[in-house]
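Asks: Please read through the structure below; I'll follow up with questions.
The values are calculated or read from the model by the stated rules, or taken from the named source; none is laboratory data. It should be emphasised that the depicted structure is a prediction, and the values quoted were computed from it without experimental measurement. Methodologically, a virtual Cβ is constructed for each residue, glycine included, from the backbone with ideal geometry; neighbour enumeration extends over all protein chains shown. Just the protein is used for accessible areas: all its heavy atoms, side chains included, with ligands, DNA and RNA removed. Shrake-Rupley method; radii C 1.70, N 1.55, O 1.52, S 1.80 Å.
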Amino acid sequence: MRKKQKSRYKFYVSLAICLLFVGWQLWHSDEVQMRFVYLWPYQEEIIEYANRNQLDPFLVAAVIKNESDFKKGAKSKPGAVGLMQIMPETGEWIAKEMGIGDFVLGDLENSDTNIRMGCWYLSELEYEFGRNRVLILSAYNAGRGNTKNWMKEKGWDDSFNDIDAIPFADTREYVRSVLYDRAQYYKLYKNRLPKY
């Protein structure tokens with residue numbers, strides 16, 4: 001009787017291990033990741049405005065995923081609005097710099113406008129921070145002023161890449177997460193986009 005129970009126990013343990021392995025493989029398949037984890041709504045708008053601003057569309061998708069998880073009406077406690085979580089004062093500045101004369105704060109809730117302005121802003125940060133993604137994302141999250149102060153205080157230049165040295169824990173995690181997600185978007189979608 002004990003041999004029968006041991007044999008049955010081994011069978012169920014083996015079956016459970018097999019099911020876990022198959023489940024893990026399915027979860028990590030490209031199709032499941034694209035359908036449940038790395039969705040890419042607003043793909044056309046992202047690609048259009050990324051191209052207009054000479055940006056990496058995979059980076060823009062990763063920023064939006066981390067900022068709003070692609071929720072159009074997202075609003076943060078500090079007041080950031082929309083897909084790319086643009087602060088109202090930043091939105092007003094961007095609109096002025098872009099020459100958008102009839103801009104009102106409600107425009108930030110429009111997904112097309114939000115992506116267009118967010119891409120323009122990311123492009124400005126790319127120029128300002130020498131195309132250094134760690135610094136660009138740090139500035140997008142913690143602010144340009146904070147990032148410039150850290151550069152000055154700590155002697156960082158455009159070759160800086162030590163995410164662990166970023167003083168704000170939230171910004172460190174944000175930069176790590178966006179860069180990781182950017183790599184995932186690239187891996188999953190690079191062969192599915194016309195230009196890539």
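Asks: To the nearest 0.05, what FRET efficiency results for Lys96 and Ile163 with a Förster distance of 22 Å applied to their C-beta separation?
Replies: For R0 = 22 Å, the calculated efficiency reads 0.10.
Asks: When ligands, DNA and RNA are left out and all protein chains stay put, how many square angstrom of accessible area per residue does the stretch 79-119 have with a 1.4 Å probe?
Replies: It amounts to 42 Å² per residue over the stretch 79-119.
Asks: Exceeding 26 Å between C-alpha atoms, which entries from my cross-link table qualify? They are Lys71/Lys187; Lys71/Lys152; Lys65/Lys187; Lys75/Lys190; Lys72/Lys154; Lys75/Lys96.
Replies: Lys71/Lys152; Lys75/Lys190; Lys72/Lys154
Asks: Something else: Give me, ordered by chain and number, the residues 5 or more places off Ile86 or on other chains with an amide H under 5 Å from its own placed amide H.
Replies: Val81
Asks: What number do you get for the stretch 36-169 when its Cα radius of gyration is normalised by 2.2 N^0.38 Å, N = residues?
Replies: 1.04
Asks: May I ask you to list the residues of the stretch 56-98 whose amide nitrogen lies under 13 Å from a point 7 Å from Cα along the Cα→beta-carbon direction of Asn146?
Replies: 78
Asks: Follow-up. Taking only the alpha-carbon atoms of the stretch 96-196, what semi-axes of the equivalent ellipsoid follow from 5 times the gyration tensor eigenvalues under a square root, in whole Å, largest first?
Replies: Details: eigenvalues 125, 88, 31 Å².
Values for the stretch 96-196, descending: 25, 21, 13 Å.
Asks: Out of the total accessible area of the stretch 131-196 (probe 1.4 Å, heavy atoms of protein only), what percent is carbon and sulfur?
Replies: The value for the stretch 131-196 is 44 percent carbon and sulfur by accessible area.
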